[in-house]
């Protein structure tokens with residue numbers, strides 16, 4: 001029994017601790033490959049506002065926002081110089097997981113406009129950010145600080161009709177940043193399908 005407890009303690013100590021990211025502190029650094037096979041990192045966008053959007057094209061909540069809402073947000077953000085990164089942390093064999101060609105096909109079919117579609121099949125980036133749902137949204141300021149994390153809006157349904165009249169937290173946060181104001185709502189509860197991590 002003592003040997004088993006010692007072994008369990010040793011395993012617990014050997015496992016790296018993953019802390020949830022904290023609004024107001026540095027956003028977790030990452031290196032990952034995009035859908036075109038290019039290595040991408042958060043540090044390459046230093047000096048720019050970055051939006052991270054977790055996705056799974058087969059999720060009803062993602063389908064709701066890709067009826068036009070997400071694409072409009074991406075294009076509006078890009079006009080303001082914001083870097084929009086779509087992240088897929090689905091593990092191989094799991095719902096919504098795609099390879100580079102599959103990701104590019106989705107982007108083209110949906111008329112999406114992210115700066116890059118990141119393939120995080122290992123789940124390393126998703127776990128670093130404690131991404132729980134698709135969509136789960138994060139905003140990083142030009143200094144690399146996390147300024148928003150949570151849901152895309154305040155209507156946690158898969159009904160497209162609920163987009164109209166919803167308070168979009170991402171739009172509001174980006175507007176606050178553009179106006180040099182503190183982000184009024186910096187955290188909210190994410191909603192959607194669970195991220196399909198390995199294991």
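None of the figures in this text is laboratory data; all of them are computed from the coordinates on show. Small disclaimer: the values here were computed from a predicted structure and weren't measured. Neighbour counts run over all protein chains shown; Cβ positions are idealised from the backbone, glycine included.
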Proxy reagent accessibility, fewest Cβ within 10 Å first, across 196, 108:
108, 196
I need 89, 187 ordered by Cβ neighbour count within 10 Å, fewest first.
187, 89
Spin-label pair residue 143/residue 194, simplified geometry with 7 Å Cα→Cβ offset, distance in nm
3.7
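If each residue of separation counts as 0.36 nm, what is the full-extension length gain between residue 79 and residue 36 once their alpha-carbon separation is subtracted? Could the numbers behind the result be given before it?
Working: separation 43, 0.36 × 43 = 15.48 nm, distance 2.26 nm.
Additional length available on full extension: 13.2 nm.
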Could you state the principal axis extents of the C-alpha atoms in the stretch 54-96, from the largest down, to the nearest angstrom?
37, 19, 8
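What ranking of 193, 59 emerges when the number of other C-beta atoms within 10 Å of each C-beta is taken as an exposure proxy, fewest first?
Working: 193 20, 59 24.
Listing 193, 59 from fewest to most nearby Cβ atoms yields 193, 59.
Whole-Å semi-axes of the chain's equivalent ellipsoid, largest first, each the root of 5 times a Cα gyration tensor eigenvalue?
On the way: eigenvalues 161, 82, 61 Å².
Each semi-axis is √(5λ); the values are 28, 20, 17 Å.
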Please determine, in degrees from 0 to 90 and to the nearest 10, the orientation of helix 169-178 with respect to the longest principal axis defined by the Cα atoms of the chain, where the helix direction is its Cα long axis.
70
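If you take every DSSP beta bridge fully contained in the stretch 33-194, what fraction is antiparallel? Give it as a percent rounded to 5.
Working: 14 of 24 bridges.
DSSP beta bridges in the stretch 33-194 are roughly 60 percent antiparallel.
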Sites residue 29 and residue 154 - FRET efficiency at Förster radius 35 Å, r taken between beta-carbons, to 0.05:
0.70
Most fluctuating residue of 160, 125, 82 in a GNM of the chain with Cα springs under 10 Å: which is it?
160
GNM flexibility winner over the chain from 141, 99, 34 (Cα, springs under 10 Å)
99
Compute the helix-to-body angle for 69-79: its Cα long axis versus the longest principal axis of the chain, expressed 0 to 90° and rounded to tens.
80
Tilt relative to the chain, helix 100-110 - C-alpha long axis, 0 to 90 degrees, to 10:
30
Given the options 113, 182, 124, which has the most mean-square fluctuation in a GNM of the chain, springs set between C-alpha atoms less than 10 angstrom apart?
182
